[in-house]
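The values are calculated or read from the model by the stated rules, or taken from the named source; none is laboratory data. These numbers were taken from a predicted model, which means no experiment stands behind them. Here the Cβ positions follow ideal geometry from the backbone for every residue, glycine too, while neighbour counts run over all protein chains shown.
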Amino acid sequence: MPLSEFLKKQGLTLTAFGNRIGACPETVRRYCLRAEDPASRIPNRASMAAIWRETRGQVGPADFYELPAIDVSTQAAGDSAAPPCSNSRPDGAHPAARPILSNGELAEGGAA
């Protein structure tokens, strides 16, 4: 949901929400503007994480972009409108892909 809608539903002021995420009221106001407004701003990574946390996931990165609706009912599972990556190997794996080890670390070298 748009940040402006979240603030309205929660009865939060720009100042109150700004205090929660470490931003000034003017910055929060600009986050609330529609994407096509030249004064609008998209939060940086740290601010986006703070917004996500404070809204408990109700406002996220996609809410700051004017994206067209996608009709997934006509798209078969696994289909993609994007062409294959030009860096892909014949087996479809990306050459930079590395498996994740059981300890959460990335394995050394290319894909196995």
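Listed by first and then second residue, the pairs with beta-carbon distance under 7 Å, at least 6 apart or on different chains, first residue in region 16-30 and within 10 Å of PRO43 (Cβ to Cβ), second surrounded by 14 or more Cβ atoms within 10 Å (Cβ to Cβ) and of a type in the set (S, T, N, Q), are ILE21/SER47; ALA23/SER47; ARG30/SER40.
Only a single item in (1) modelled with pLDDT under 95; (2) in contact with a Leu (Cβ under 7 Å, 6 or more places away or on another chain); (3) among the polar types (S, T, N, Q) is not met by SER88, and it is number (2).
Residue-wise test of (1) more than 19 Å from TYR65 (Cβ to Cβ); (2) assigned to a helix (DSSP H, G or I).
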{"position": "MET1", "(1), (2)": "no, no"}
{"position": "ARG30", "(1), (2)": "no, yes"}
{"position": "GLU36", "(1), (2)": "no, no"}
{"position": "ILE42", "(1), (2)": "no, no"}
{"position": "ALA50", "(1), (2)": "no, yes"}
{"position": "ARG53", "(1), (2)": "yes, yes"}
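Inside region 13-35, residues that are of a type in the set (A, V, I, L, M, F, W, C) and crowded, with 17+ Cβ neighbours inside 10 Å make up a count of 6.
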